[in-house]
C-alpha cells in the first residue's frame with residue numbers, strides 16, 4: 001500500500017474513532033456478578049496493605065472497533081467493599097499481553113489478580129479486556145495506542161455509569177496503571193484523557209510499568225538486532241496488529257518468510273495461542289539460523305523498510321503512530337521498570353522519562369524497581385511501588401475506625417525539614433514510612449502514644465506514613481523538604 005492510501009486510511013480511522021466515541025460514551029450494556037473476597041482473604045493472599053474486601057463484575061460496554069464501527073467490549077470491574085458507606089477513587093488498570101482471546105480479566109484470567117489488588121487497596125478498578133479480546137469481535141489490535149485508549153476510556157465511562165446506578169460512590173480522582181502491554185496502554189489512556197477528556201476526567205496520578213513506549217525506536221531496534229530474543233511472538237503479533245489498523249500487506253507471506261509465515265497465519269486465524277506461536281518461532285529460528293533472531297523471519301522488502309527508518313514509509317509511520325513517550329503529562333507520573341527486563345527493554349522507560357521532562361512535564365520520574373529482575377519478577381516490586389505512590393495521592397473518606405484514628409493522630413510539622421513528630425498513636429501499633437518510589441525508609445513497633453522520626457537522612461520528596469493497629473489502618477501524606 002502506498003503512502004497516500006496509508007495516510008487516508010489512518011485519517012479515516014481517526015475520524016470514525018472520534019465520532020464513535022462521542023456517540024457511544026457511557027453506554028453500559030450489562031453486567032454479571034463474578035464473585036467476592038473478604039478482607040481477611042485479601043490480606044491472606046496479597047498482604048497487609050489490603051484495606052477492604054472486594055466484589056467483581058464482568059461488564060459489557062460499547063466502544064468503536066479498529067474501523068470505528070460500534071462494537072460491544074468487555075472488562076472486569078472490581079469494587080472495594082467495607083461496612084461503612086463512603087467514596088472511592090476510580091482506577092484504570094490495563095492488563096499485560098495475554099495468551100488467547102478468552103485469557104482476559106473479565107474471565108478471571110489474564111492477570112486479573114492485579115485488578116483485584118487495586119480493588120483491595122481501595123480503588124474502584126476498571127480493567128478492560130481490550131478490543132478483539134473477551135466479548136469484542138475481530139483480531140486484537142496489539143499495542144495499538146488509539147484503540148487501547150478508546151477501550152480504556154469507554155470502560156471508565158461504563159464504570160461510572162455502573163457506580164451511579166449500583167454504587168459504591170466514587171469521588172473525582174482517577175488513577176491509571178498497567179504492566180507490559182498494559183504499560184503502553186496506560187500511557188495511551190493518560191495521554192488521550194489529558195488531550196481530549198479534561199471535562200470528564202482529571203488524572204490524579206499515573207504509573208505505567210515496564211511498557212514498550214517507543215515502538216518506532218526501541219522496538220524497531222529489536223527487529224533489527226543480531227541478538228537472540230526469546231519472545232518472537234510479540235513481534236509477529238505487532239505486525240499483524242498494525243496490518244489490521246493500517247492495511248500494510250495483503251498476506252502474511254508478503255512480510256514473513258516461510259516456514260515462519262505458516263504459524264503466524266495460524267495464530268492470526270485463532271488456531272494456536274500466542275505461547276504456542278512463540279515457542280514454534282523460537283524452535284524454527286534456532287533450527288534454521290542457530291538462534292532466535294527476529295530479522296531472519298522477515299522478507300527482504302520488510303527488512304529494508306524497517307532498516308531505512310524513512311519517516312514517509314507506511315511501516316515507519318505505523319510504528320511512530322503508536323509511540324506513547326513524546327508528550328507532556330500534566331499529572332504526577334512514575335514509569336516503573338527493571339533494568340534486567342528480558343522482554344521489554346528498560347530503555348523504553350528511560351527514553352520516556354527524558355523526553356517527557358524535556359517537553360516540560362511537571363512531575364515525571366522513571367524508577368528502577370529492581371536492577372537484577374527480569375520482566376516477570378519485576379511485576380511485584382513495581383506494583384508495590386506504584387501502590388505506595390498512588391496511596392500518597394488518594395483521597396478516601398474513611399470508615400468509622402479510620403475516622404477515629406484520623407481525629408486522634410497528629411503529625412507535625414508537615415511539610416517537615418528535620419524531625420517528624422507523631423502524637424495520639426493507638427497502643428501496640430506498627431508504623432511504616434514509605435518513600436513515593438516504594439522504598440520502606442523507616443518502620444517500628446510503637447508502645448507509647450507518641451514518636452519522633454528523624455527525616456534528615458532521607459531524601460526530600462513525598463512520603464506515605466502508614467499506621468496499622470487493632471483500631472484499623474491510618475495513612476497520611478508527608479512532604480519532606482530536606483535540610484534547609
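Since every read-out is calculated from the coordinates, none of them should be taken as a lab result. Worth saying up front: this structure is predicted, and the values here are computed from it rather than measured.
What is the extension gain from residue 289 to residue 304, computed as 0.36 nm multiplied by their sequence separation minus the C-alpha to C-alpha distance, in nm to one decimal?
3.5 nm
With viscosity set to 0.890 mPa s at 25 °C, what whole-number translational diffusion coefficient in µm²/s follows for the stretch 106-168 from Stokes-Einstein and a Kirkwood radius over Cα pairs?
192 µm²/s
Using Cα pairs closer than 8 Å and at least 6 residues apart in sequence, work out the relative contact order for the chain, in percent.
12 percent
Expressed as cubic angstrom per residue, what is the convex hull volume of the alpha carbon set of the stretch 79-189?
Numbers: hull volume 10.4 nm³, N = 111.
Residue-normalised Cα hull volume stands at 93 Å³.
Over the alpha carbons of the stretch 272-315, what is the largest minus smallest coordinate on each principal axis, giving the biggest first in Å?
35, 24, 11
Per residue, what volume in Å³ does the convex hull of the Cα atoms of the chain enclose? Mind dumping the intermediate values first?
Numbers: hull volume 69.7 nm³, N = 484.
Considering the Cα atoms of the chain, their hull volume per residue is 144 Å³.
Provide the descending list of Cα extents for the stretch 292-425 along its principal axes, expressed in whole angstroms.
72, 32, 31
Based on the Kirkwood radius over alpha-carbon pairs, what value in µm²/s does the Stokes-Einstein equation return for the translational diffusion coefficient of the stretch 141-185 at 20 °C and 1.002 mPa s?
Working: Rh = 11.8 Å.
Translational D for this selection: 182 µm²/s.
How long are the semi-axes of the ellipsoid equivalent to the stretch 242-285, from square roots of 5 times the Cα gyration tensor eigenvalues, in whole Å, largest first?
Equivalent-ellipsoid dimensions as semi-axes: 19, 13, 8 Å.
Could you work out Rg/(2.2 N^0.38 Å) for the stretch 218-314, with Rg from alpha carbons only?
In units of the 2.2 N^0.38 Å rule of thumb, it is 1.01.
Specify, per residue and in Å³, the volume enclosed by the convex hull of the alpha carbon atoms belonging to the stretch 163-224.
Here the figure is 103 Å³ per residue.
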